[in-house]
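In what follows, a single structure is set out as structure tokens and then discussed.
The values are calculated or read from the model by the stated rules, or taken from the named source; none is laboratory data. Values in this document were obtained by computation on a predicted structure and should not be read as measured data. Glycine gets a Cβ as well: all are built from the backbone with ideal geometry, and neighbour counts include every protein chain shown. Side chains included, ligands, DNA and RNA excluded: accessible areas come from the protein's heavy atoms. Shrake-Rupley method; radii C 1.70, N 1.55, O 1.52, S 1.80 Å.
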Amino acid sequence: MWEKFTDWAIPARLRRQGPDTTRRARLLLTFTGAMFGLGVTGIVFLLTIEPEPLSPRMLAIALPTALAGSVPAILRSTGSLTLAGNLGAALAFFSIAFVAFQTGGLGRPILGIQALVPLVAVLVSGVRWGVFWTVLACLEAGLLFYLHLEGFEFPEPPAPGVQDRVNLVLSVMLFVMVLVLGTIYESLKNAALDHFQRANRNLAKARDAAEAATRAAEEASRARSAFLATMSHEIRTPMNAVIGMAGLLEGTELTDEQRDFAATIRQSGDSLLTVLNDILDFSKIESGKLEVEATAFDLQSTIEEAVDVLAIKAKEAGIELLHESSPDLPRNVVGDSTRVRQILLNLLSNAVKFTEEGEVHLAVEAEKLETGPYEIHFAVRDTGIGIPADRMGMLFDSFTQVDASTTRKYGGTGLGLAISNRLAELLGGRMWVESEEGAGSTFHFTILAKRAPDGAAMTEKQAAKVLQGKRVLIVDDNATNRQILERVTASWGMEPTLCESGRQATSELLTANPYDVAILDMFMPEMDGAELARRIHSLKKRAGLPLVLLSSSGAILEESGDQESRAHFAATLSKPAKPRQLASTLSGIFGARKTARKPASDLPADMGARHPLRILLAEDNRVNQKVAVKILERIGYSTQVVENGALALEAIERETFDVVLMDLQMPELDGIGATRKLRERHPGEAERPRVIALTANVLEEERTACLQAGMDDFLGKPLAVPALIQALEKCVRRADGGAPRSGIEPESTPAPG
Ligand code: ADP
């Protein structure tokens, strides 16, 4: 019944304000009900002692009692708890005050009931209204006190017998009211606690759900990594065979058509591998898993290597590939050389790809920041097709190409720039592009890198001492290249003179002071480098001038079999000219250092003879065995082959090996297990062979696992011959206990004699 009444009196809009408001409204209704009960009791009681129904006392009780009925109505119609609450409080307050006045002022027990008004006001309408009603009650008490002091004649109090009965009833009502309020307070408190507990439980549930989601996400990411690793492995293993065998096939006796087929197979394999690597990188970037290294590396060589890779393609495409590093570039920096090379390769190969004629120019500058590191700025400028202004914004998004026809004409996945852009950011820099459609593009990127101890820079510095003050004649038809050579040689203290043709050079040589050395470009219109060299050597006075030939391919003279031309040159260097190499070549000419020599063929077939190594290959896959054995044969090594880690360990116990090429996934005992065992049995570095991991899984985790297991090096499959040679070179170095012997450096210079 009471429930129904309160449901009726509390309107929906109040309920919507929440359970707390609803509870306060209930409290108000309960209090009003109690006051109403008190009023009715008072009236009945008055009627028994005072038969006059319209006495002021009777009215003072009956009127507010009747008005109390309006509180629920007002609550329902206005929906305002404050209004209804204060109306109830006012009715109770003033009727009690009037009764107290009527019954003799201060000291009346009814004033005790009045004390409940501020209490209820606090609970219903908040502390502020509670304070308000307390202040009023105090004023009332003060007023009554003042009236007593002044000797005011209060209306006649009831006779003592009546008064006792009134006091009895009021006391009981006071106790009951306090109990009611206490109960209400208790229920409010419990409800609030309940509310908190429920909220807590919900929070705990949400936390559990979040934890489960995180676990699921971690699980998914592990599964994804595992999938990537497997996919990478599964694709790389057959690719290893395809690329390796095609390369070997190319080296056999073939008809032109067959050679073309073999080359196509190998090139397609290479591009497939590039796509695979891009996708792997991209998915690692996407999942935030790509981390960059911070190790000291030779910045200049990294740049030169990247340029070298593209030099051949540029030459095939008939465009000049030029490179210029500012002299203040720190030689060694701390960073991730692989990633820097990757960005450079991407930008350079795009530039070469999208340039039909003209040149591709890489400029590298460094600026020391006040905060400590260097900001290294790379700019790859081309004279290619350019990019329309409206497409430039989206270039760095994944899978975008300038237009759909790009794929048809030039190939590519549209991932390269997106990856490079993210890599540049990971290296502390950024990437941007300037381009004009039809005129060419310049792709810029920066990285932040600290300078590393400058050990390797010594060679160039030492070279510079030798080169100081030497006069050099530079002959090249390409203006940018002339400029680069001028700056580079000048930075070593040389005195360069520039000529743009063979004709100009010969007349310069005839008239001017003697030169110490001349650098000649091979490919020039009218008179090429070889012809110019002949002319120079036929000039009596200049016959002894040392000449350095720059050609787009170092092997060009060997290919043409032109022994006579070769004899004219003290050294040949492949373009683009690399400062470090040029410095060492030039200083070699001046006797500071012997320049390294290398056989002309691509693979150093005599490496095995010059640097004997006993090699063991542990590999279960037949095709891969064959590929590795054949490649090693090509560079002059015979190899022992075993099928798994356990057999490898047995072989090592039986015989002495310098190097073990260790596949990772093998039956019985895998590469990692075998390496661990090997290190346990032979803790001393000198008494065990160097272990080089061979794996189709190129993810960083795998590399770390290999190194942790105690492997000395790591080669990815498909086996890249230069990488294999480099890895073996390190073994030679260890076997010799010193620097590698000359002749196996891929970039060293062929020289006559
Ligand atoms: P892709 O593998 O297709 O080369 P990239 O992300 O490296 O992917 O390049 C995206 C697109 O940007 C290219 O397809 C090409 O349309 C445009 N682009 C990149 N570099 C150049 C450039 N040097 N000159 C003109 N267009 C370029």
Of the conditions (1) open to solvent by less than 100 Å² (accessible area, probe 1.4 Å); (2) over 22 Å from MET666 (Cβ atoms), PHE196 clears all except one; give me its number. (1)
Hey, GLN17 hits all of (1) assigned to a helix (DSSP H, G or I); (2) open to solvent by 70 Å² or more (accessible area, probe 1.4 Å); (3) of a type outside the set (A, V, I, L, M, F, W, C) but one; which does it fall short on? (1)
Yes or no: THR65 surrounded by 20 or more Cβ atoms within 10 Å (Cβ to Cβ) and polar (S, T, N, Q)? yes
Regarding the range 334-350, can at least one residue be identified that is at pLDDT below 85, more than 22 Å from the chain's Cα centre (by Cα) and either crowded, with 20+ Cβ neighbours inside 10 Å or away from the ligand (no atom under 16 Å from the Cβ) (or both)? no
So for the range 383-397 (the condition being assigned to a loop (DSSP other than H, G, I, E, B), modelled with pLDDT under 80 and among the β-branched types (Val, Ile, Thr)), does at least one residue qualify? no
Considering only helices (runs of 4 or more DSSP H) fully contained in the range 402-481, which possess at least 1 residues that are modelled with pLDDT of 75 or more, within 11 Å of the ligand (Cβ to nearest atom) and hydrophobic (A, V, I, L, M, F, W, C)? 416-426
State whether the residues of the range 310-332 include one that is farther than 26 Å from ALA226 by Cβ, part of a helix (DSSP H, G or I), touching a residue at least 40 places away in the same chain (Cβ under 8 Å) and open to solvent by 50 Å² or more (accessible area, probe 1.4 Å). yes
How many residues are open to solvent by less than 60 Å² (accessible area, probe 1.4 Å) and over 16 Å from SER283 (Cβ atoms) when one looks only at the range 227-241? 4
For the range 351-366, which residues satisfy the criterion of being in a loop (DSSP other than H, G, I, E, B), open to solvent by 30 Å² or more (accessible area, probe 1.4 Å) and within 8 Å of the ligand (Cβ to nearest atom)? PHE354
Take the conditions small (Gly, Ala, Ser) and open to solvent by 40 Å² or more (accessible area, probe 1.4 Å) and apply them to ALA705. Does it pass? no
Looking only at the range 653-672, decide whether some residue is surrounded by 20 or more Cβ atoms within 10 Å (Cβ to Cβ), touching a Gly at 6+ places or on another chain (Cβ under 7 Å) and touching a residue at least 60 places away in the same chain (Cβ under 8 Å). no
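Tell me which residues, restricted to the range 489-507, are in a helix (DSSP H, G or I) and of a type in the set (Ser, Thr, Tyr).
The answer is THR489, SER491, THR506, SER507.
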Within the range 30-59, residues buried (at least 20 other Cβ atoms within 10 Å of the Cβ) and either among the aliphatic types (A, V, I, L, M) or not in a helix (DSSP H, G or I) (or both) come out as ALA34, MET35, LEU38, LEU46
Does LYS315 satisfy the condition of being among the charged types (D, E, K, R) and modelled with pLDDT of 90 or more? no
Would you pick out the residues in the range 367-379 that are surrounded by fewer than 23 Cβ atoms within 10 Å (Cβ to Cβ) and of a type in the set (A, V, I, L, M)? LEU369, ALA379
Of the residues that make up the range 279-295, is at least one hydrophobic (A, V, I, L, M, F, W, C), under 19 Å from PHE443 (Cβ atoms), more than 14 Å from the ligand (Cβ to nearest atom) and open to solvent by 30 Å² or more (accessible area, probe 1.4 Å)? no
Which one is modelled with the lowest pLDDT among residues in the range 604-613 that are surrounded by fewer than 18 Cβ atoms within 10 Å (Cβ to Cβ) and not in a helix (DSSP H, G or I)? ALA605
With criteria (1) touching a helix residue (DSSP H, G or I) at 6+ places or on another chain (Cβ under 9 Å); (2) within 26 Å of SER225 (Cβ to Cβ); (3) of a type in the set (A, V, I, L, M), LEU649 comes up short on (2)
